[in-house]
Amino acid sequence: VQAAQDAGFEAGRDPRTLAGSVWAGVHGLASLWSQGAFTGAVPGARLEDALDISLRLLIGGEQGEPR
């Protein structure tokens, strides 16, 4: 989160709020995955791919790198 803010992403926001939002998103994916709900909705999904996409959507960049 700090690297993303240093690169200009939401620089004025409290980093704890941003980190909490990322945590909530990753926690949601983990919960859905562990219960089989994610793969039930997206057959053949791979956890690595879902996590990579989630992080890029949450904080941008390639493989979680800041925009």
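Values quoted throughout were computed directly from the atomic coordinates according to the rules given, and no laboratory measurement underlies them. Predicted model only: the values in this text are computed from it and were never measured.
Can you match Cα Rg over 2.2 N^0.38 Å to one of these, (1) 1.45; (2) 1.22; (3) 2.58, based on a calculation from the structure here?
Computed from these coordinates, Cα Rg over 2.2 N^0.38 Å corresponds to label (2).
Give the angle, between 0 and 90 degrees and rounded to the nearest 10, that separates the Cα long axis of helix 15-34 from the longest principal axis of the Cα atoms of the chain.
The angle comes out at about 10 degrees.
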